[in-house]
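Below you'll find the structure, written out as structure tokens, and then a few comments.
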Amino acid sequence: MCGIVGYVGPRVATPLLIEGLKRLEYRGYDSAGVAIMNGRGVETRKAAGKISTLETIVNGSPVAGTLGIAHTRWATHGAPTTGNAHPHSDCKGHIAVVHNGIIENATALRHWLADNGHTFTSETDTEVLAHLIEASFEGNLEDAVIEALHMVHGTYGIAVISSLDRDKIVVARKGSPLIIGLGDQEYYVASDVSAILEHTRQVVYLDDGDLAVIERTGYRVLDLDAHEMTRAVSQVDWDLDQIERGGFDHFMLKEIFEQPQTIENTMRGRLLEADGTAKLAGLNVTNEELLEIDNIIITACGTSWHSALIGEHMLEEMTRIPVEVEYASEFRYRNPIVTSRTLCIVISQSGETADTLAAMREAKRRGARAIGLVNVVGSTIARESDGGVYLHAGPEIGVASTKAFTSQVVALALLTLRMGRLRALSSVRGAEIIEALHALPGQIREILDRAAEIEQLAEQYIESHNFLYLGRGYNFPVALEGALKLKEISYIHAEGYPAAEMKHGPIALIDSQMPVVFIAPHDSVFDKVVSNVQEVKARGGRVIALTSRDEPQLAGLIDHEIRIPQTIDMLTPVLAAVPLQLLAYYIAVKRGCNVDQPRNLAKSVTVE
Ligand code: G6P
């Protein structure tokens, strides 16, 4: 979603802030701005559009100064105009605020402030904060921020500077991540570690309810009653080359090609061949506690929700515990049946998705044990869950999730091994699963080696307006994911359906213009899928089939074949997802779309 960067130290702040914003641009990219403290006071520069537009403006009208804050926006309140871009100021231009999140009582506060003589220049909820801080200011910025924050409802990660208390950045968080980066006699602020990784790997993760005062000589963390708090310093283990494109045209393509390695990383040191199980130290749960679980709820959003559906199949099959999968945004607003014997599995690449976090908190509040399958180390879901499994897929920058998805499926397989072996899964079957897991990286390499074939295939479909993706069993969620990938980045309308369910509606759409992608590896439901292929062919549809071996039954029925290696049923989603990612990628690129920054989307959705 939106991104925040801040800097205080001996160096000129603007280039550092712009560089940081570029690293965060994947989170939100409709407008941007910087505010710098210089000899005259707070100076701001803003621009609608990409960071490069802001950079041009700053180059044309430079601002010098060694303390500043910056923001890249994904619009919630107010259109993505220059006027609505952050930082926002008070009436006199003494204060500058950047903000991620939503101030829910902004309208009421705006009226109250306007009645008290404040003049607003934007449509944003954030501007309310600047005026509240102005109204509360009595000589000390952190005191004014604390007073202002006591008046707001909603979520925020904020960074504030003021020419009236000029040598500090005050930051605070509630529901939106913020970290302090510790450099050599310099400090950074960021909503995401990628923004500052070039300069430091030593960070302090702030907790909800924290406020920090960052000065040239050090930083202090306070709560909203101004009591000093202690927060640990953590070491980030990501490398700079992981957040760079490394010769690939797009982050998405780089991340697709990283999958043999990222999957290996998800499994590394966790497979116990002799026992047919997995060692997951971070789960933080004993065998006795796992045996007490009598129902599982998996909750997530977007692509992570698709991996949750695959997890449902795996866990039910191997543990015989009933599993329910819920969109996090739905789960939190109904009255779910959760007991102390419920295991709530929360899946999130970013570990910051607002609905997923809220769903986890709700499940915990109702007594469930919550475990997180999270990629970003130190993220809020990772820290607030009772335990979990880190994906270790490395930073995912492309907005359309790829490598995180396959790592999520692998992590779910590991969890299934761990829980299954306590219940319905034999060591022999567990060992077979482990063998199949070990084969996955090489099998993905085989698929990637044939990327050029998929690129050629993509050429034939760039004019299509609609796509249907069909699969059954473990591959129904893959159909959903394939369709999501295509629509996210190419803007072609695409739907995923269980193959047999097609008869109950989507079949009406099938004609010679409608490409239908069948995920049809040689698994236990293959014969059933063949019948569905026939139904499409009989109506003139164009069939692209993902298969895993020569299948005479498909002869004459399919227009294009994409071959994937053979694996066990539960792992077919990992192999099937890769060519679908490539198909979506190449179609989108050939249509001239910006695949790393698709319109209207954001990488980490930190608002409801
Ligand atoms: C956004 C992203 C998706 C992602 C979803 C959930 O919509 O664009 O790619 O799947 O959020 O994100 P999470 O970080 O919780 O997995």
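Nothing in this text is a laboratory measurement; each read-out follows from the coordinates by a stated rule. Worth saying up front: this structure is predicted, and the values here are computed from it rather than measured. Glycine also receives a Cβ, built like all others from the backbone with ideal geometry; neighbour counts cover every protein chain displayed.
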Fill in: Table column - 3J(HN,Hα) (Hz), the stretch 455-468, Karplus curve with 6.51, -1.76, 1.60, x for Gly and Pro
4, 5, 4, 4, 3, 7, 10, 6, 8, 5, 9, 9, 9, 10
Response to the item:
Expected sort for His438, His86 with the fewest Cβ neighbours (10 Å cutoff) up front is His438, His86
Discussion item. If you take every residue apart from Gly496 with its C-beta less than 13 Å away from the C-beta of Gly496, what net charge results, scoring Lys and Arg +1 and Asp and Glu -1?
Written reply: -1
Discussion item. How would the stretch 1-143 be classified by its alpha-carbon gyration tensor: rounded, prolate or oblate, with rounded meaning a/c under 1.5 and the a/b versus b/c comparison settling the rest?
Written reply: oblate
Worksheet entry | Share of pairwise Cα separations in the stretch 473-608, more than 27 Å, in percent | 20
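Could you tell me whether the stretch 123-201 comes out rounded, prolate or oblate from its Cα gyration tensor? Rule is a ≥ b ≥ c as square roots of the eigenvalues, rounded for a/c under 1.5, then prolate if a/b exceeds b/c, otherwise oblate.
oblate
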Worksheet item: Using 0.36 nm per residue, how much length does the chain from Glu198 to Asp559 gain when fully extended, once their Cα-Cα distance is taken away?
Response: 125.2 nm
Discussion item. Given an 8 Å cut-off on Cα distances and at least 6 residues of separation, report the relative contact order of the chain as a percent.
Written reply: 12
Worksheet item: If amide H atoms are built 1.01 Å from N in the plane of the peptide, which residues on other chains or at least 5 residues away come under 5 Å of the amide H of Glu324?
Response: Ile296, Ile297, Ile298
Worksheet item: Put a dot 7 Å past each Cα toward the Cβ at Ser234 and Ala114; how far apart are the dots in nm?
Response: 4.2
Worksheet, complete the sentence: Taking the alpha-carbon centre of each part, the distance from the stretch 379-425 to the stretch 200-218 in Å is 28
Worksheet item: So what's the Cα pair-distance distribution over the chain, bin width 10 Å, in %?
Response: 3, 17, 25, 24, 17, 10, 3, 0, 0
Worksheet entry | Per-residue HN-Hα couplings for the stretch 443-450 [Karplus 6.51, -1.76, 1.60; θ = phi - 60°; Hz; x = Gly/Pro] | 5, 5, 4, 4, 5, 5, 4, 9
Worksheet, complete the sentence: PRE zone check, label point 7 Å out along Cα-to-Cβ of Asn335, amide N under 14 Å, scope the stretch 349-371, hits none
Worksheet, complete the sentence: Between Lys168 and residues 5 or more places away or on another chain, the pairs with built amide H atoms under 5 Å apart involve Ser162
Worksheet item: What number, in percent, do you get for the relative contact order of the stretch 248-358 if the mean sequence gap of Cα pairs under 8 Å and at least 6 apart is divided by its residue count?
Response: 27
Item to complete: Just subtract the alpha-carbon distance of Ala538 and Asp207 from 0.36 nm times their residue separation and send over the number in nm, one decimal.
Response: 113.3 nm
Worksheet item: Cβ under 11 Å from Ile169's Cβ, Ile169 left aside: what net charge do those residues give with Lys, Arg +1 and Asp, Glu -1?
Response: -1
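So what's the net charge close to Ile519: Lys and Arg +1, Asp and Glu -1, counting the other residues with Cβ under 15 Å from its Cβ?
Charge balance near Ile519 sits at -3.
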Worksheet item: Of Lys46/Lys254; Lys46/Lys485; Lys46/Lys403; Lys22/Lys254; Lys22/Lys487, which pairs sit farther than 28 Å apart, going by alpha carbon to alpha carbon?
Response: Lys46/Lys254; Lys46/Lys485; Lys46/Lys403
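So for the chain: antiparallel DSSP bridges make up what percent, rounded to the nearest 5? Each step should come with its number before you reach the end.
Numbers: 61 of 100 bridges.
Taking every DSSP beta bridge with both residues in the chain, the antiparallel ones total about 60 percent.
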Discussion item. Taking R0 as 30 Å, what FRET efficiency do you get between Glu455 and Asn600 from their Cβ-Cβ distance, rounded to the nearest 0.05?
Written reply: 0.70
Worksheet item: In nm, to one decimal, how far is the modelled label at His227 from the one at Ser531, with both set 7 Å along Cα→Cβ?
Response: 6.6
